[in-house]
Amino acid sequence: MKIAIMGAMPEEIAPILKRLETYKTIEYAGNKYYEASYKGVDLVVAYSKIGKVFSTLTATTMIEHFGISVMLFSGVAGAISSELKVGDLIVASKLSQHDLDITAFGHPYGYVPEGSVYVEADRKMIEISKAVASEIGKTVKEGIIATGDQFVANEERKNWIGKTFNADALEMEGASVAVVCDALNVPFFILRAISDAADMDASFSFDEFLETSANESAEFIMKMVDKLID
Ligand code: ADE
């Protein structure tokens, strides 16, 4: 088993690299990939840069070039559900692209021919995450995550995404990583800690809580890794 841990921003993988202490840095396709051995298992860690295109490139590279067999994504998200507050964890049951729009041809939002509106995450890993959460006394909400190339800082847009996709949280990479992993048959797990409420204060909240929320998510991801290799 070779496990990938991916984030979008340096802050999202920094706590993981700190935990690993020693790793090898490989530059490939315009990015840095960090290879480490952790409790006898190979890990590949990277941040992709923000958005669907860069995250697609990184996820594909991790699978096709580095030969990973499991994908774990760690990062932050904007809350749509009023149940989710800053620092709370959400694990994606399924993911959708909220900015994919060929509705002019009669298709639903998020759909292209031969694709699907949602990509389902690996059920077994979601169940493992619930076991981990109860072991460490944390709450992890399972919900739908909507992804788009847009930092949402607008109540109206956020509510539209929530209503259209029945989504609980939004971010900028999850669905693209999901599409790649699904197409290449790699089980994936997308975890996010809330950094903001995708409203008019979102950019301030994001700046204030990026580091602490990214840390929450990364800590949980390492607990997942421990469980996977147990
Ligand atoms: N990631 C964290 N907060 C976000 C937001 N408001 N919009 C898009 N991606 C995010």
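The values are calculated or read from the model by the stated rules, or taken from the named source; none is laboratory data. In this text, all values refer to a predicted model and were calculated from it rather than measured experimentally. A quick note on method: Cβ atoms are made from the backbone with ideal geometry, for glycine too, and the neighbour counts reach across all protein chains shown. Quick note on the areas: whole protein, heavy atoms, side chains included, nothing else; ligands and nucleic acids left out. Shrake-Rupley method; radii C 1.70, N 1.55, O 1.52, S 1.80 Å.
Tell me the net charge near Asp199. Cut-off is 9 Å between Cβ atoms, Asp199 excluded, with +1 for each Lys or Arg and -1 for each Asp or Glu.
Around Asp199, the charge tally is -2.
Can you figure out the FRET efficiency of Ser69 with Asp149, using R₀ = 22 Å and their beta-carbon distance, to the nearest 0.05? Display every interim value, and only then the final one.
Values: r = 28 Å, r/R0 = 1.29.
Given R0 = 22 Å and the Cβ-Cβ separation, E is 0.20.
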For segment 112-165, the convex hull over Cα atoms projects on average to an area in nm² of 5.6
Once phi for every residue in segment 33-46 is put through the Karplus expression 6.51 cos²θ - 1.76 cosθ + 1.60 (θ = phi - 60°), the whole-Hz ³J(HN,Hα) values, with Gly and Pro written as x, are 10, 10, 9, 8, 9, 10, 6, x, 10, 7, 10, 10, 10, 7
At most 11 other Cβ atoms within 10 Å and a DSSP loop assignment: could you name the trypsin sites (Lys or Arg not before Pro) in segment 39-128 that fit?
Lys39, Lys85
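Report, in listed order, any pair from Lys49/Lys138; Lys18/Lys223; Lys24/Lys130; Lys18/Lys158; Lys2/Lys32; Lys52/Lys85 with a Cα-Cα distance greater than 22 Å.
Working: Lys49/Lys138 29 Å; Lys18/Lys223 15 Å; Lys24/Lys130 32 Å; Lys18/Lys158 34 Å; Lys2/Lys32 17 Å; Lys52/Lys85 25 Å.
Long pairs (Cα-Cα over 22 Å): Lys49/Lys138; Lys24/Lys130; Lys18/Lys158; Lys52/Lys85.
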Can you check what the net charge comes to around Ser69, using other residues whose Cβ is under 11 Å from the Cβ of Ser69 (Lys, Arg +1; Asp, Glu -1)?
0
Any idea how far apart Glu211 and Lys2 come out in nm if each label point goes 7 Å out from Cα toward Cβ?
3.4
For the full complex of protein chains and a 1.4 angstrom probe, list Asp196, Asp149, Asp230, Asp99 by accessible area with the highest value first.
Asp230, Asp149, Asp99, Asp196
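I'm a student and want to see the number: the projected area of the Cα convex hull of segment 1-56, averaged over all directions, in nm².
That works out to 3.9 nm².
On alpha-carbon atoms, Rg over Rh for segment 2-229 using Kirkwood Rh?
On the way: Rg = 16.4 Å, Rh = 17.3 Å.
Here Rg/Rh amounts to 0.95.
Please report, in cubic angstrom per residue, the volume enclosed by the convex hull of the alpha-carbon atoms of segment 96-219.
Values: hull volume 13.6 nm³, N = 124.
Convex hull volume per residue, Cα atoms: 110 Å³.
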Long-range amide H partners of Tyr28, meaning residues 5 or more apart or on another chain whose placed amide H is closer than 5 Å, are Tyr33
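Sum -39500 (n - 2.57) across every DSSP H segment of at least 4 residues in the chain, then divide by the residue count to get the 222 nm mean residue ellipticity, nearest 500.
Working: 6 runs with 86 residues, N = 230.
One gets -12000 deg cm²/dmol as the mean residue ellipticity at 222 nm.
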Share, in percent, of DSSP beta bridges within the chain that are antiparallel, nearest 5:
35
Take Thr164 and Asp42, extend 7 Å from each Cα along the Cα→Cβ direction, and tell me the distance between the two endpoints in nm.
4.1
Per the 1/(1 + (r/R0)^6) rule, R0 = 25 Å and r from the Cβ atoms of Lys32 and Val53, FRET efficiency to 0.05 is 0.90
